[in-house]
Every structure is written in C-alpha cells, then in structure tokens.
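The values are calculated or read from the model by the stated rules, or taken from the named source; none is laboratory data. From a predicted model like this one, the values you see are computed outputs, not experimental measurements. In this analysis, Cβ positions are derived from the backbone assuming ideal geometry, glycine residues included, and neighbour counts consider all displayed protein chains.
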Amino acid sequence: MGDILDNDFMKNRSSKSTCVLLIQLGTPDSPKISDVRRYLSEFLNDPRVIDLPYLTRKLLVNLFIVPFRAPKSAKIYKELWDLSNGKSPLLTHTQNVTKLLSQRIKDKGIVVKFAMRYQNPSMEKVLDEIQRENFDRIIILPLFPQYASASSGSAIEKAIKIIQSWWVIPELKIINQFWDSEGYVNSIVERSKVFDLNSYDHILFSYHGLPDRHVDKVYDGSDLCMDQPCETEINELNKFCYKATCYATTRLIADKLNLKEGDYTVCFQSRLNKNWLKPFSDKVVEELAKEGAQKLLVFSPAFVADCLETLIEIGVEYQELFEENGGVKVDLVPSSNDHPEFISCLEELIMHSI
C-alpha cells in the first residue's frame with residue numbers, strides 16, 4: 001500500500017505547483033486624508049524611497065512631509081477617484097490584469113495573485129495566503145518595467161523579508177525588470193494607434209523621476225551615471241540603471257513607430273528637487289509651449305497602469321501648464337493597463353521562469 005501511495009503521489013507531483021505574485025506600488029484605500037496620510041507614511045518611510053539616515057528620514061517624513069502633504073494629496077486623489085468612477089485606477093487595472101492573466105495560464109496549473117507594496121492588499125496578507133497553500137515555487141514579479149531600487153528593489157526586498165521568516169522556503173524566482181519585453185513594448189505601441197502621430201508638434205516620453213544619487217548607486221567605485229552612455233546604449237555596467245533602461249525603452253518604442261530622434265524627447269516627472277533626473281517633464285512642456293508648439297503627445301512607459309501620475313499629473317496639470325504658456329492640447333497615450341499584448345508579456349515572462 002505504501003508503494004502504491006508513493007507512486008500515486010509522485011504521479012500527481014510530476015509538475016511543480018507555482019504561484020505568481022504580481023506586485024504594484026500601492027494606493028490609498030480612499031481619498032480621505034487619514035487614508036492618504038497612512039499611505040504616504042508607509043511609502044515615504046521606506047529607506048529605498050528616501051535613502052537618508054534613519055533618524056533624519058523619520059523626522060523629515062513624519063514631522064514635515066506627511067503632515068503638510070497629506071491634505072493636498074487627498075484633494076488630488078479625490079480628483080483621480082472622480083475621473084475613475086469612484087475607484088483607484090491603479091487598483092482596478094491591477095485586478096483586471098490578475099484576472100486576465102489567471103485565465104490565460106490557469107490550464108498550466110499556475111495561480112496568480114497580486115499585492116501592493118504599500119497598503120492593501122498588503123504583501124503580508126497575500127504572502128500568508130500563499131504560504132498556507134504550500135506552493136513548490138513562487139515567482140515574484142514587480143510590475144515595474146525598468147528596475148529602480150525605490151520600486152522594484154523595494155518590492156523584492158519586502159517579499160524576501162517576509163518569506164525568509166517561513167520555516168519552509170519554496171523555490172523562488174524573481175523577475176526584476178522587463179523593459180525589453182516585446183509584449184510590453186507592443187502594448188504601448190498599440191495604445192498609441194488611436195492617435196495620429198503626425199498631427200503633433202512634438203512627442204514626450206515621460207518617466208517617473210528619481211534622485212540622481214539613486215542611479216549613481218548602481219555603479220561601483222568612482223563612476224557615476226553621468227559617466228555612462230545611458231542616453232544611447234545599454235551595456236554591462238548600466239543594464240540596471242533606471243535612466244539607461246528608460247532611454248532604451250524609448251528607442252524600442254520609437255523604432256516601432258518610425259519616429260526620428262528629433263520627433264521626441266525623453267524626460268522625467270514628479271521630481272522633488274533639482275537634483276533629480278533631467279530634463280524635467282514640466283519644464284519641457286513649458287518650453288515647448290513658449291516655442292510655439294500647439295499639440296503634444298505624451299507616453300508614460302514607466303507606468304503599466306494609469307494612475308495619479310498619468311491621469312492627473314500629465315492629463316490635467318501638464319494640460320494646464322501647456323495652455324498657460326501658449327499651447328493648446330496635451331494628449332496622453334494610455335498605459336498598458338490590461339491590453340492583451342501586456343498580458344502576453346507577463347505570460348511569457350512567467351513561462352520562461354519555470
């Protein structure tokens with residue numbers, strides 16, 4: 001009987017059970033000031049986001065940034081919720097992606113779950129579910145195409161910290177970036193096809209900004225990001241440099257759209273001070289308007305789901321800035337969201353990891 005049971009068990013265990021954990025940045029539970037304050041506090045106290053000494057960071061974030069920023073941010077999140085039928089678009093798109101991806105690979109016996117790095121559904125809660133389901137393999141897939149310590153690095157680090165406390169640690173696979181995935185690039189190209197690219201005076205590829213010191217930390221020794229050809233090539237030294245992969249992503253998209261270098265500008269938004277990646281998106285928008293541009297088209301390839309930074313910062317604030325300086329219209333190319341090409345991208349990444 002023992003041999004029969006062992007054979008049956010081995011037959012059923014011929015393939016490993018796998019769970020994919022998709023990780024997004026996070027969102028407040030609601031636009032209420034209390035919920036926004038809770039979200040900002042968790043987000044900004046992350047040492048990979050604000051990489052200052054512990055005490056300095058705690059004092060800066062908890063005594064100055066969060067108390068003053070939460071009420072202002074709550075108003076912006078309320079505007080975002082109003083644009084998105086009273087829901088967080090980031091949460092909605094991530095739920096849709098999880099559902100569609102699950103349908104795509106369920107016949108392969110792969111379970112897909114998602115968690116937020118900050119707030120809900122929390123990584124602690126989702127990973128507790130995964131632990132109880134006793135999978136053989138976990139694939140950790142942060143939904144950030146270009147690696148950055150403040151996004152991908154933080155999500156991966158937290159997942160590992162939680163899993164390392166388990167008595168039984170399953171096989172782990174980590175996908176830390178996918179900027180060169182054909183499905184991801186194609187999803188952006190397909191989203192842009194509803195726009196007549198020739199009708200725009202200029203095109204922007206606006207990525208989320210980072211402090212200069214974050215990209216400088218990618219390099220060992222005395223080298224800095226400015227010492228590398230990050231605007232023109234990917235090499236062994238800069239392959240994990242956020243700036244380099246942003247420019248590389250742009251080249252892939254531009255090539256598929258037959259754009260010439262003079263047709264577009266790579267820029268960086270959401271900066272906190274002058275020591276962030278340049279050029280700054282808002283300054284580029286302002287300068288183009290003053291030079292006489294009337295129509296701009298903006299891509300936001302760092303965001304796979306539309307969110308506050310795309311729908312409000314680009315779609316609303318940059319539109320206002322453009323008009324104030326003589327421009328007429330800023331159009332935003334939607335993010336990948338739940339486009340079939342993006343689902344194909346994720347499926348391919350997962351299957352290559354098994």
Do we find that Asn134 is closer than 30 Å to Leu259 by Cβ and not assigned by TED's automatic domain parsing to the domain that holds Lys217 in this structure? no
Single residue of Lys72, Lys58, Lys108 found to be farther than 29 Å from Val316 by Cα and free of Cβ contacts under 8 Å to residues at least 24 places away in the same chain: Lys58
Would you confirm whether or not the stretch 232-242 contains a residue that is acidic (Asp, Glu) and under 27 Å from Leu141 (Cβ atoms)? yes
Residue hits (the stretch 26-77; of a type in the set (Ser, Thr, Tyr) and touching a helix residue (DSSP H, G or I) at 6+ places or on another chain (Cβ under 7 Å)) are Thr27, Ser41, Ser73, Tyr77
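For (1) of a type in the set (S, T, N, Q); (2) surrounded by 16 or more Cβ atoms within 10 Å (Cβ to Cβ); (3) outside the structural domain of Phe303 (by TED's automatic domain parsing); (4) closer than 29 Å to Glu313 by Cα, each residue gets a yes or a no:
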position	(1), (2), (3), (4)
Lys161	no, no, yes, no
Val185	no, yes, yes, yes
Tyr200	no, yes, no, yes
Tyr207	no, yes, no, yes
Leu210	no, yes, no, yes
Tyr219	no, yes, no, no
Having 1 or more residues that are within 30 Å of Phe322 (Cβ to Cβ) is the bar; report the helices (runs of 4 or more DSSP H) wholly within the stretch 151-240 that clear it. 182-192, 212-216
Does the stretch 237-244 contain any residue that is touching a residue at least 12 places away in the same chain (Cβ under 8 Å), assigned by TED's automatic domain parsing to the domain that holds Asp212, of a type outside the set (Phe, Trp, Tyr) and farther than 30 Å from Pro89 by Cα? yes
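Kindly indicate which of Tyr247, Tyr207 is more than 20 Å from Val330 (Cβ to Cβ) and either among the aromatic types (Phe, Trp, Tyr) or touching a Cys at 6+ places or on another chain (Cβ under 7 Å) (or both).
Being more than 20 Å from Val330 (Cβ to Cβ) and either among the aromatic types (Phe, Trp, Tyr) or touching a Cys at 6+ places or on another chain (Cβ under 7 Å) (or both) holds for just one of Tyr247, Tyr207, which is Tyr247.
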Selected residue (only one of Lys125, Lys193, Lys113 is in contact with a helix residue (DSSP H, G or I) (Cβ under 8 Å, 6 or more places away or on another chain) and not hydrophobic (A, V, I, L, M, F, W, C)): Lys113
Residues within the stretch 272-288 that are in contact with a Leu (Cβ under 8 Å, 6 or more places away or on another chain) and farther than 18 Å from Met226 by Cα, tallied: 6
Unmet criterion (only one of (1) over 24 Å from Val49 (Cβ atoms); (2) touching a residue at least 40 places away in the same chain (Cβ under 8 Å); (3) out of contact with any Asp or Glu (no Cβ under 8 Å at 6 or more places or on another chain); (4) surrounded by fewer than 21 Cβ atoms within 10 Å (Cβ to Cβ)) for Glu261: (2)
